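Have a look at the structure below before the remarks.
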Amino acid sequence: MFGVTQNFILLNENILPQKTIEKINAIGNELYQKTGVGVFVAVVKKMPTKKIVDFEKQLTKKLQAPYVLLTLSVQDKKVDIVSSKDLESSFDKEEILSPLPWKGSIIPLLTAHFKNQNAAIEAAILNGYSEIAEQIAKYKNVNLKEAIGNTNRNIYYWLRILFYSIIALIVLNFIYRRYIKG
């Protein structure tokens, strides 16, 4: 619908491996072809500016709206998402960047203790990118075949349901034994 294949990795500095780049580009191209929205990634070892906002302003000057930019600076330990004004309501930035593991898809992976920090960065960027693309696709009523899905979030949801159900059963059992049975 919208045309040509693009590279959605603006900067990488040899942090993301080729297979991750290919998956990001596959998701990005499918979303772009179906909606016209470009979701881009910039992963750097160290930002050339002091503030991530200034760095993002430099990068977004080259982008045409509608766009989303996911930025990560490894040494500065900063991650952010910016978008063109028309896309601000099409995805939940706060949810994606949430530090809570059942909610966020980037920061919980970056803060987890992995032996291989590059694997954590790779997983965080891929999960965050996919989550952004899936939320925009849902907002635009489009299905993505390349999307990763929310398997972890669904597992947390069902574990929470199970946990609260067990607690409710324990409380009901206590009330029954204490007050009803005598």
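The values are calculated or read from the model by the stated rules, or taken from the named source; none is laboratory data. All of these numbers come straight from a predicted model, not from anything done at the bench. We place every Cβ from the backbone using ideal geometry, glycine too, and count neighbours over all the protein chains shown. Side chains are part of the model used for accessible areas, which takes the heavy atoms of the whole protein and leaves out ligands, DNA and RNA. Shrake-Rupley method; radii C 1.70, N 1.55, O 1.52, S 1.80 Å.
Points to keep in mind about this one:
- Under the criterion of Cα pairs below 8 Å and six or more residues apart, the relative contact order for the chain equals 19 percent.
- Cα centre as origin, Lys/Arg/Asp/Glu Cβ charges: the range 64-149 dipole, Debye: 120 debye
- Basic side chains Lys and Arg get +1 at the Cβ, acidic Asp and Glu get -1 at the Cβ, and with that the dipole of the chain about its Cα centre reaches some 600 debye.
- In sequence order, calculated HN-Hα J values of the range 45-61 (Karplus, 6.51, -1.76, 1.60; Hz; x Gly/Pro): 6, 9, 6, x, 10, 6, 10, 5, 5, 5, 4, 5, 4, 4, 6, 6, 4
- For the range 71-119, alpha-carbon Rg relative to the globular expectation (2.2 N^0.38 Å, N residues): 1.28
- Given charges at Cβ of Lys, Arg, Asp, Glu: the chain dipole, positive-most of 68, 118, 28: 118
- In this structure the chain gives 62 Å² per residue of accessible area when probed at 1.4 Å with all protein chains present.
- Across the chain, counting alpha-carbon atoms alone, Rg and Dmax equal 20.2, 74 Å.
- For residue 47, the residues whose amide H sits under 5 Å from its own are 76, ignoring neighbours fewer than 5 places away on the same chain, with H placed 1.01 Å from N.
- Under 14 Å, Cβ to Cβ, from residue 66 - net charge with Lys/Arg +1 and Asp/Glu -1: +1
- The chain: angle of helix 151-175 to the longest principal axis, Cα-based, in degrees nearest 10: 20 degrees
- Of the peptides 10-19, 61-70, 166-175, the ranking by mean beta-carbon count within 10 Å, highest at the top, reads 61-70, 10-19, 166-175.
- Acute angle (nearest 10 degrees) that the helix 18-35 long axis makes with the longest principal axis of the chain, alpha-carbon atoms: 90 degrees
- Computed over the range 82-130, relative contact order equals 25 percent, with contacts defined as Cα pairs under 8 Å that lie 6+ residues apart.
- Partners for residue 34 among lysines (Cα-Cα distance below 26 Å; same-chain residues under 8 apart left out): 19, 23, 61, 62, 85, 93, 138, 140, 145
- Cα long-axis angle, helix 117-139 against the chain (0 to 90 degrees, to the nearest 10): 90 degrees
- Nonlocal amide H pairs with residue 39, under 5 Å, H built at 1.01 Å: 68
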